[in-house]
Number of protein chains: 2
Amino acid sequence: MNDRPAQPETFPLTPIGLIESDFPDKFGIPRQPGLAAAARASLVLVSPFDDPLAVRGLETFSHLWLTFIFHLSPQQVAPARWTPLVRPPRLGGNAKVGVFASRSTHRPNRLGLSLVELVEIDTTHGVRLKLRGADLVDGTPVLDIKPYLPWAEARPEARAGFAPEAPPNLAVSLSPEAEAVLSARPDGDELGELIRQVLAQDPRPAYRRTPEARVYGVRLRDLDVRFQALQAPAGHTTLRVVEIVLAAGRT
Amino acid sequence: MNDRPAQPETFPLTPIGLIESDFPDKFGIPRQPGLAAAARASLVLVSPFDDPLAVRGLETFSHLWLTFIFHLSPQQVAPARWTPLVRPPRLGGNAKVGVFASRSTHRPNRLGLSLVELVEIDTTHGVRLKLRGADLVDGTPVLDIKPYLPWAEARPEARAGFAPEAPPNLAVSLSPEAEAVLSARPDGDELGELIRQVLAQDPRPAYRRTPEARVYGVRLRDLDVRFQALQAPAGHTTLRVVEIVLAAGRT
């Protein structure tokens, strides 16, 4: 009666494009798209998919879905590597939930899904889609683009268990030295906005949510942004940018 | 400066589960999820992913994303098989748009994305997720499940070019003979609702949108539902179910 194979076949998927973004590495990336609107990204299509015909009509949509691979996360498909539980940052890094109840990057098939804003389509050389609000590390392989359909996919009434709203924002401040570095750059204003949006999400590991002396670094564009968690007068934590330096390995 | 490979690697993806649904074949399937709320489907996880721990906490979400393979569509990854333009039914099947501006099943990597309602999680034998509103053919291989996050993913203000709203519904009527077949079945009421919802979407090929003598068939559960397009008094097309028979090859 049931003629399905016990072990279904494997599907070899080929990237249709690669992401270029403000996030050279994973640390600091907002945990959901749209949380750092100042984050720029481009999706550059690769051959043979870099045909302007393939995006004809896409400019009439304001938002797109990208399906991509979390290529910096370990493979989990081999049974030995598979772990069914994860600790979402949302729950303080202590409670465990099922991987399929989470948006964790550590998951079977390492598939990611991001809703991004489409800013511009550039078909001067191949196809480049300029995006806003992307939470994607530079070099991310993208498997598919789909237009967002608000009448089917906007469900504001949906119940979202342990993640019912956007995570709270932390206060962010910059030292005078850090402000001076930004003032000297042509992209200083934009970068300042990006730094504030990224740090407001608290990129520290989930188990570090209190003030501490340790200095963290997050890489944005060509910079290493170093910050500390300070106790603000009202008892809240503020993230303070102590210095901004050119990232090692960048020219 | 750019050390990315010209041809990115291929990612072998493994299904985590398979769909069991009311749609034994492609014809008749609503073109977006949520359009046929009476459609039942289950996602049955396969080994080693059929561990109840993997869905712990998922019951606190009302809606899920499924990423799956359109396994009945042809592969498009080999350059020779790749066609950048498609004819969406939405545009009457005449105008062509880019495949990435469409939700066509004929696309590179054959990836599908569906927002479905989670009705129940059954962990009696492995893991079975009971779903509502799914637009998935029976046997569909599913690659990932993610919870829906309304605060990030409900964007009712999004602009959706040539697909700004749900497609219009056609009127549907059933012959007395068809009604009699339904009355004799325990699932008759539910099936009647499903038939009306599926036909209201006009499952005929996009270039056939006028009244015609031809009888079409759509398979739902174990039945073959045969219908015709009639001219209604007000000039609109009505789809009329002329008979309902047991589908060939079903027991």
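Name the residues in segment B:31-56 that are modelled with pLDDT under 95 and surrounded by fewer than 22 Cβ atoms within 10 Å (Cβ to Cβ), would you?
Scanning segment B:31-56 gives B:R31, B:Q32, B:L35, B:A37, B:A38, B:R40, B:S47, B:P48.
Can A:V225 be described as farther than 20 Å from B:E157 by Cα, in contact with a Leu (Cβ under 9 Å, 6 or more places away or on another chain) and among the hydrophobic types (A, V, I, L, M, F, W, C)?
Answer is yes for this residue.
Return the only residue of B:L182, B:L85 being touching a Gly at 6+ places or on another chain (Cβ under 8 Å) and more than 9 Å from every other protein chain (Cβ to nearest Cβ).
B:L182
Considering only residues that are of a type in the set (S, T, N, Q) and either open to solvent by 10 Å² or more (accessible area, probe 1.4 Å) or facing chain A (nearest Cβ under 7 Å) (or both), look in segment B:57-75 and name the one that is farthest from B:L136 (Cα to Cα).
Step by step, filter segment B:57-75, then rank; the result is B:T60.
Within the set of pairs 6 or more residues apart or between chains, which connect a residue that is facing chain A (nearest Cβ under 9 Å) inside segment B:103-121 to a residue that is outside any strand (DSSP E or B) and charged (D, E, K, R) with Cβ atoms less than 6 Å apart?
B:L115/A:E153
Here is a list: A:T140, A:T123. Which entry is outside the structural domain of A:H236 (by TED's automatic domain parsing), among the hydroxyl-bearing types (S, T, Y), out of contact with any strand residue (DSSP E or B) (no Cβ under 8 Å at 6 or more places or on another chain) and surrounded by 15 or more Cβ atoms within 10 Å (Cβ to Cβ)?
On inspection, the qualifying residue turns out to be A:T123.
Only one of these conditions is not met by B:P147: (1) within 7 Å of chain A (Cβ to nearest Cβ); (2) within 16 Å of the chain's Cα centre (by Cα); (3) modelled with pLDDT of 95 or more. Which number is it?
(2)
Taking the options A:G98, A:G93, A:G28, name whichever one is in the same structural domain as A:P147 (by TED's automatic domain parsing) and not charged (D, E, K, R).
Selected residue: A:G28, the only one of A:G98, A:G93, A:G28 that is in the same structural domain as A:P147 (by TED's automatic domain parsing) and not charged (D, E, K, R).
Name the single residue, out of those in segment A:126-137 being open to solvent by 60 Å² or more (accessible area, probe 1.4 Å) and in contact with a Ser or Thr (Cβ under 8 Å, 6 or more places away or on another chain), that is farthest from the other protein chains (Cβ to nearest Cβ).
So the residue we want is A:K130.
Under 6 Å between Cβ atoms, at least 6 apart or on separate chains: pull out the pairs that start in segment A:151-166 with a residue that is within 7 Å of chain B (Cβ to nearest Cβ) and surrounded by 14 or more Cβ atoms within 10 Å (Cβ to Cβ) and end on any residue that is part of a loop (DSSP other than H, G, I, E, B) and among the charged types (D, E, K, R).
A:W151/B:E165; A:A154/B:R155
Go through the residues of segment B:163-178 one by one and say whether even a single one is under 29 Å from A:P147 (Cβ atoms) and among the hydroxyl-bearing types (S, T, Y).
For segment B:163-178, residues under 29 Å from A:P147 (Cβ atoms) and among the hydroxyl-bearing types (S, T, Y): absent.
The values are calculated or read from the model by the stated rules, or taken from the named source; none is laboratory data. The structure displayed is predicted, hence computed values, not measured ones. Virtual Cβ from ideal backbone geometry, glycine too; neighbours counted across all protein chains shown. With ligands, DNA and RNA removed, areas are computed over all heavy atoms of the protein, side chains included. Shrake-Rupley method; radii C 1.70, N 1.55, O 1.52, S 1.80 Å.
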